[in-house]
Each structure stands twice: as C-alpha cells, then as structure tokens.
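The values are calculated or read from the model by the stated rules, or taken from the named source; none is laboratory data. If you're wondering where the values come from, they're calculated on a predicted model, not measured in any experiment. Heads up, the Cβs are rebuilt from the backbone with ideal geometry, glycines too, and the neighbour counts pull from every protein chain shown.
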Amino acid sequence: MDALTFTEKTALLNAAPAIAAEHFVNNVRALIAFLSSSATPLGYKLKNFFGRFEIQGRGSPHLHSVLWLEGAPKATDVDGQQYLTWIDSIISARLPDETLDPELHAMVSKFQVHHHTDSCGGHKGDLAEPQQVPSADADVPCRRRRRRRRQSDHLSSRI
Amino acid sequence: MPPPAPPPPPIRPPLQPHLTAAQSSETRRFFAIQQERSQCRFGFPHPFAETTHFRAGIETRNTVKGDKGIILRRHPGRDQWVNNYSPDILRIWEANMDLQPITEPYAAAAYILSYVTKNEQSERGYVKEALQGLKEGATLPDVLRKIGNAVLSYREVSKQETMLLLLGFPLYISSLSTTFVHCFPPAQRQMFSRPYSVLAQQDPDSTDVWQQGIIEAYSHRPAGEPWDSMTLLEFATWFEVTSAAADAKKTGGNSAAGQEEFPEEYEELDLEPGPTEPETETAPAPTTAFERLFPERSDAAGATAFQQNPLWGSAVAEPPFSRKPGQTTRKLPRFALSGSTGKLARMRKTPRCVTSPMSNNHDVVTTYSLLAMNVPFRDELPDLLGI
C-alpha cells in the first residue's frame with residue numbers, strides 16, 4: 001500500500017468502492033470489539049457506545065462516536081487530578097521519541113500529524129511547522145472543493 | 001531598629017506600565033493564538049502545555065470546535081501538530097483518530113449534537129425553494145417527486161456512501177437498540193392499517209382496521225404490581241409484543257399455528273431456549289399476579305421461575321422481573337395480554353432506548369406525549385385526560 005501514489009490509490013478506490021466500504025465497516029467492528037475486550041485499552045470497561053458512519057465528499061469514511069466507560073473518574077470530581085492522570089494514561093498528543101519507540105513514532109507521524117490543506121483553511125495562517133513529515137501524498141492535486149465539502153459534510157441518513 | 005519607612009508619597013503612578021505588566025503577555029498570547037487558530041478549523045497548531053490540565057482563565061476564550069474542557073500536554077514544536085490519540089488504539093487502528101475526553105454532561109450533549117447527529121438545515125432551504133416552484137393544484141405524488149428530486153440533486157453522495165447504503169450496512173452502530181413509540185394523541189397518532197388479507201375477512205363496517213401496536217399492548221398489560229405502576233416508557237424499554245404462536249415457534253414449541261406478526265430477527269440472540277423442565281408436581285394455586293397471568297401454555301416453568309425484581313426502578317439495567325432464587329431457567333418471562341387474543345409481552349434481555357416524537361408547534365400534543373409516556377394508564381383518554 002505504501003508504495004502506491006495518491007493517484008493510484010484513488011484509482012483503486014474508484015474501481016472497488018464496495019470493498020473499501022465493507023473494509024471500513026469491518027475495521028470499525030473490529031475496533032469496537034477491541035475497545036470492549038477485557039484488555040480495556042481505555043482503562044475502563046466499555047459500557048455503551050454509539051457511532052455514526054460518515055463519508056465526506058472527498059471520499060474518506062470515518063466514524064464519529066461516543067463511548068461510555070464504566071467507573072471512570074469524572075472531571076467533575078472534587079479531585080480532578082485523578083481524571084487528568086487517567087486521561088494522560090490513555091490519550092496522548094505527543095510525538096514519541098524516534099529512538100525510544102520507532103514504530104509508534106512512525107505511526108503518529110504518518111496518521112496523526114496535521115498538515116494544513118485548503119479544506120481546513122489553514123494555509124494562510126502560521127506555517128511555522130509545515131509538512132513535518134514528507135507524506136506519500138505529496139502529489140495531491142489542488143483540491144479546491146470547499147463548497148462541495150460544505151454541502152456533503154452533513155450526513156446522508158434519511159433512509 | 002530604624003524607624004518604619006515613611007508612607008509612599010500620595011502621587012498617582014502612571015497607569016500604563018502596570019497595565020502592561022499585568023496584561024500584555026497574556027493578552028498578546030491570547031491574540032496570537034486566536035490569530036493562529038482562526039485559520040485552521042481544526043485549531044492547529046495547538047497551544048503547548050507543560051501538563052495536562054483543565055482549561056481555565058483566558059484559555060477558555062479561544063476554543064475551537066470540540067476542543068473544550070481539557071488541554072493535553074504538548075511540548076512546543078512538533079507536538080503542537082499532533083492530533084490526540086491513544087497509543088494502544090493507534091497501533092491497532094492504523095489510521096487517523098481524534099480522541100476527545102468529555103468532561104461534563106454539557107460537553108457530551110454538545111458533542112452528540114455537533115458530530116453524531118447533524119441537522120439537515122441547509123437541505124431544508126433547498127427543498128423549500130423547490131416547493132415554491134410547484135404549480136397550482138399539484139397532486140401529492142407531484143409534491144413527493146419534487147421533494148425527492150430536490151434532495152437527490154442537492155446532496156452529493158460519494159461512491160463509498162452509496163455502497164454502504166446498497167450493501168445494507170447500517171449508518172449507525174450502537175450498543176443499545178432503540179424502539180420507537182408514537183405517543184401522540186390518538187387522533188394525531190401515526191398508525192398502520194391491518195394487512196389487506198386481514199381486512200378482507202372483516203366486517204365491512206368494522207372500524208377495527210388498525211394494526212395493534214405497543215400502546216395497545218401496554219393498555220392490555222396484566223393487572224397487579226409491578227404492572228400497575230409501570231409507565232409506557234418502562235414497558236417499551238423492557239417488553240416486546242409478540243403473538244403466542246410466533247413465540248412458540250421461536251422457542252421450538254408448537255409451530256403449527258400462525259405466522260409471526262412481529263418479525264424481529266435480532267431477537268434471535270436473546271432467546272436461548274432453556275431446558276424444558278418436566279412438570280411433575282401439580283401447580284400451586286396462583287397466588288401472585290404473575291402466576292395468575294402467566295400463560296401456562298407457553299412454559300410452565302416460567303410461571304414460577306420469576307418474581308418481581310426488588311431492584312426494579314433503582315437502575316436502568318434492572319429489569320422488572322428477575323429469576324427467583326434457585327431458579328436456573330434461561331427463558332425470559334412472558335405474559336399474556338388481556339383483550340387481544342394470543343398476544344404476549346416478552347421481556348427483553350437488555351433494555352432498549354425509547355424514542356418518541358415531539359411536536360414543535362403544538363404544546364398540547366407535546367404535553368400529551370409526555371403524559372402518555374410517563375403516567376401509567378390503562379384506557380388512555382379517560383385516564384390521562386379525564387374525558
């Protein structure tokens with residue numbers, strides 16, 4: 001997959017949208033199973049969840065979801081510190097050290113680092129740290145589709 | 001000991017240096033961040049922070065969508081461009097994510113409204129516009145066609161989304177299922193007519209043409225506690241209506257009679273036929289409402305296997321009935337409904353969320369809905385309205 005260029009990936013997606021859609025749904029199901037598992041990656045038992053599949057006009061499927069964790073500390077507790085400690089243990093916004101955890105470093109660089117694009121409106125702003133990691137998608141054509149995104153960002157539903 | 005220093009001269013010092021000292025660094029930082037963030041709708045670059053902390057003071061003034069409550073630890077530099085993630089999940093998910101801790105009920109509500117459910121407001125205007133171009137005397141199908149075309153031509157649907165729909169994948173995924181109760185006053189209520197095959201056999205003058213729903217079943221629930229104080233909301237949460245014949249068929253009983261009137265495939269999982277316990281002793285005379293009302297035909301063990309759950313009402317997950325101590329039956333309790341022949345209320349294994357409509361412009365209708373959902377009744381109009 002990594003060897004493919006953006007254009008090639010797009011062509012593949014266009015050729016087999018059904019497979020892509022099903023793959024995403026399966027991925028989400030697997031993720032939910034992982035989150036509900038006894039491994040409790042979020043620290044507490046997943047009691048309930050609700051998720052909403054959404055596909056942007058630009059074609060990337062994603063899931064918005066709310067997760068209820070049983071027995072987790074509350075931010076409104078008197079001692080909010082316990083909550084913060086727990087949040088720190090499960091949620092991170094750090095780019096891990098490349099030498100200590102090269103695998104995670106690569107993943108965070110690849111998936112979690114934000115690059116301003118036309119669609120986020122950030123190009124005009126501060127570009128102190130642009131394009132930290134050269135991406136495989138460097139050949140992305142100009143995607144000035146803000147109007148279309150606005151139209152199709154809200155959801156399909158109604159079936 | 002030197003004498004105490006004389007009080008400072010009562011000259012008013014110039015204001016500006018003090019103001020600058022007190023405010024400018026904060027203010028400048030605030031405007032700098034504001035300026036930076038106003039560009040990118042995701043709020044990148046995020047502010048750096050020494051520790052994870054609750055958003056406080058001036059920080060509350062420059063929130064972007066979904067960035068409320070907490071500021072995560074980020075060191076200056078590259079961290080500011082990293083989206084919130086969970087290391088464990090990222091290793092498995094291998095794709096982008098944005099994890100947001102929810103700190104308070106309001107934040108949960110705001111999140112749900114802005115992401116999980118989204119309105120179709122913009123589409124509405126388009127439909128309205130299309131409808132204005134309708135000709136005089138347009139028929140209902142014309143209107144429908146117009147609306148349909150407007151919706152279809154407005155929304156751009158990607159290939160993948162089309163595929164999700166065509167392949168029948170759900171657009172929602174949830175640990176809880178919901179059940180819909182239309183609890184408007186009878187005159188405004190949406191009802192289904194009975195199937196034609198049934199109507200054809202009825203007396204042509206009969207007015208009994210509507211499919212019986214959950215409200216009718218609720219009205220015909222058994223007598224005694226906990227039924228008397230059970231509201232429609234609780235009933236819909238915990239019970240589903242099925243015909244005796246369909247129930248028997250599902251549980252492997254007498255399958256000769258009847259068809260399923262409430263096909264609910266997803267309930268298959270809930271129904272684990274327990275071992276059929278041979279009835280050896282003569283059944284005791286019914287002493288509780290439960291025993292009296294439990295249909296002896298469907299399972300005799302059930303009649304004595306359940307009791308009213310003492311914890312009923314104390315928590316959402318507490319069912320109205322629980323197994324008696326020492327009972328091991330895995331069947332769920334079933335109750336015959338009066339009035340409608342052969343209908344059963346079967347308790348669900350897990351409760352459901354109940355959704356009901358609200359009327360935007362009729363206070364009376366909305367009030368009635370609330371009453372109907374939350375006040376126990378048997379005969380709705382006399383009991384709720386006194387008419």
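Summary table
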{"quantity": "Sole residue being over 25 Å from B:Leu164 (Cα atoms), charged (D, E, K, R) and either more than 7 Å from chain B (Cβ to nearest Cβ) or touching a helix residue (DSSP H, G or I) at 6+ places or on another chain (Cβ under 9 Å) (or both), chosen from A:Lys110, A:Lys9", "calculated": "A:Lys110"}
{"quantity": "Lone qualifier among B:Met230, B:Met191 - being closer than 19 Å to B:Arg334 by Cβ and part of a loop (DSSP other than H, G, I, E, B)", "calculated": "B:Met230"}
{"quantity": "Residue count for the stretch A:38-54, restricted to those that are under 30 Å from A:Thr7 (Cβ atoms) and free of Cβ contacts under 8 Å to residues at least 12 places away in the same chain", "calculated": "0"}
{"quantity": "Hits in the stretch A:44-82 - residues which are closer than 26 Å to B:Arg352 by Cα, of a type in the set (Gly, Ala, Ser) and touching a Leu at 6+ places or on another chain (Cβ under 7 Å)", "calculated": "A:Gly51"}
{"quantity": "Checking A:Tyr83 against (1) within 7 Å of chain B (Cβ to nearest Cβ); (2) buried (at least 20 other Cβ atoms within 10 Å of the Cβ); (3) over 16 Å from the mean Cα position of the chain (by Cα), the condition it does not meet", "calculated": "(1)"}
{"quantity": "Residue list for the stretch A:30-55, restricted to those being out of contact with any helix residue (DSSP H, G or I) (no Cβ under 9 Å at 6 or more places or on another chain) and surrounded by fewer than 13 Cβ atoms within 10 Å (Cβ to Cβ)", "calculated": "A:Ala33, A:Ser37, A:Ser38"}
{"quantity": "Index of the failed condition, A:Ser65 passing every other in (1) at the interface with chain B (Cβ under 8 Å from one of its Cβ atoms); (2) more than 24 Å from B:Cys353 (Cβ to Cβ)", "calculated": "(2)"}
{"quantity": "Sole residue being more than 8 Å from chain B (Cβ to nearest Cβ) and at pLDDT below 50, chosen from A:Arg148, A:Arg144, A:Arg158", "calculated": "A:Arg144"}
{"quantity": "Residues within the stretch B:200-224 that are of a type outside the set (Gly, Ala, Ser) and either surrounded by 14 or more Cβ atoms within 10 Å (Cβ to Cβ) or touching a Leu at 6+ places or on another chain (Cβ under 9 Å) (or both), tallied", "calculated": "9"}
